[in-house]
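One structure, pasted below without further comment.
The values are calculated or read from the model by the stated rules, or taken from the named source; none is laboratory data. Computed from a predicted structure; not experimentally measured. To get the accessible areas, we keep the full protein, side chains included, count just its heavy atoms, and leave off ligands, DNA and RNA. Shrake-Rupley method; radii C 1.70, N 1.55, O 1.52, S 1.80 Å.
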Amino acid sequence: MLFLAISAGFLVENMREHYIENKREKVLIKSFVEDLKQDTAKITFNIQLRNSKILVMDSLIKILNSADPNQDGQSVYYWGRRVSRSTLFQSNDRTIKQLKNAGGLRLIRNQKASNTIMTYDQANDYIIYLQTNREGLELAGIYPLLAKLFDGNVLETMIHGMEITRPPGNPVLRSTDKNLILDLTYFLHQYKSTSIVIIVRLQELKQAATESIQFLQKEYHLE
């Protein structure tokens, strides 16, 4: 009888732990789905931001390589100042961090769900790599060249809070040296090319997020 009582106690305890883990797993999955929903909105915005930035770079390259870049000083300064604005995408990683740091991945016993989470995280990590390494290096090459071309005192007149406006009058560049402009054109080309690659990756990440939301909602019977 004592053995049966002990066995029954273990069984009840195991059932209780199983129930708690199931509940915890569903909470984590629901949290991850909410993160994905926020990511899809962020991705859409970042793609729009990057497409706008590409137009800025195209405009700056065209005007700098024209016969006289100083002919339209307002525009060259406006595009030159806007090109350095950040376009970083940052996903909502609160649940991913929780799963990694607290050993929560062991709670995701559904292998397909676990694979879905890790695949999405790896795809996001690659975008972070592109932004940090490739874009970071390209911007590091762009900034010194911008400093040699643009008058910082003119740039100071263009910032109003978060807004960039065109400068008054028709300000001239510090230099119109052809080699300097060609160096900047090269780095702008590389920066634009990397941004195009990131846009493609972001589109793929958005598709993955959408499919993951649908799969996890169905698999875990989420509303």
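Just how much of Phe215 is accessible, in Å², when a 1.4 Å probe is used and the result is rounded to the nearest 10?
60
Taking the chain as a Gaussian network, where each spring joins two C-alpha atoms under 10 Å apart, which residue of Lys26, Lys206, Lys97 fluctuates the most?
Lys97
Additional query: Provide the gained length on full extension for the span Leu182 to Ala41, in nm with one decimal, where the gain is 0.36 nm per separating residue minus the Cα-Cα distance.
In short, 47.1 nm is gained.
Sequence neighbours fewer than 8 away in the same chain don't count; with that in mind, list the lysines whose C-alpha is under 24 Å from Lys30.
Correct list for Lys30: Lys42, Lys97, Lys100, Lys112, Lys206, Lys218.
If you roll a 1.4 Å probe over the chain with all protein chains in place, what percent of the accessible area is carbon or sulfur?
Details: 7410 of 13040 Å².
Heavy-atom surface of the chain belonging to carbon and sulfur, 1.4 Å probe: 57 percent.
Could you derive backbone 3J(HN,Hα) for region 35-45 from the dihedral phi with the Karplus parameters 6.51, -1.76 and 1.60 (θ = phi - 60°), listing whole Hz in sequence and x where the residue is Gly or Pro?
4, 5, 4, 5, 4, 4, 5, 5, 5, 4, 5
Further question on the same structure: With the chain treated as a Gaussian network of Cα nodes joined by springs under 10 Å, which of Arg134, Arg82, Arg109 yields the largest mean-square fluctuation?
Arg109
Pull up the cross-link candidates among the lysines for Lys148, meaning alpha carbon to alpha carbon under 29 Å and not fewer than 8 places away within one chain.
Lys53, Lys62, Lys178, Lys192
Turning to a different aspect of this structure: Taking only protein heavy atoms into account and a 1.4 Å probe, give the accessible area per residue of the chain in Å².
With all protein chains present, the chain gives 58 Å² per residue.
In nm, what is the difference between 0.36 nm times the number of residues separating Asp72 and Thr157 and their Cα-Cα distance?
28.9 nm
List every residue whose amide H lies under 5 Å from the amide H of Ser175, counting only residues 5 or more places away in sequence or on a different chain, with H placed 1.01 Å from N in the peptide plane.
none
Let me ask something else. Hey, how many Å between the Cα centroid of region 207-221 and the Cα centroid of region 117-152?
The two parts, judged by their Cα centres, are 31 Å apart.
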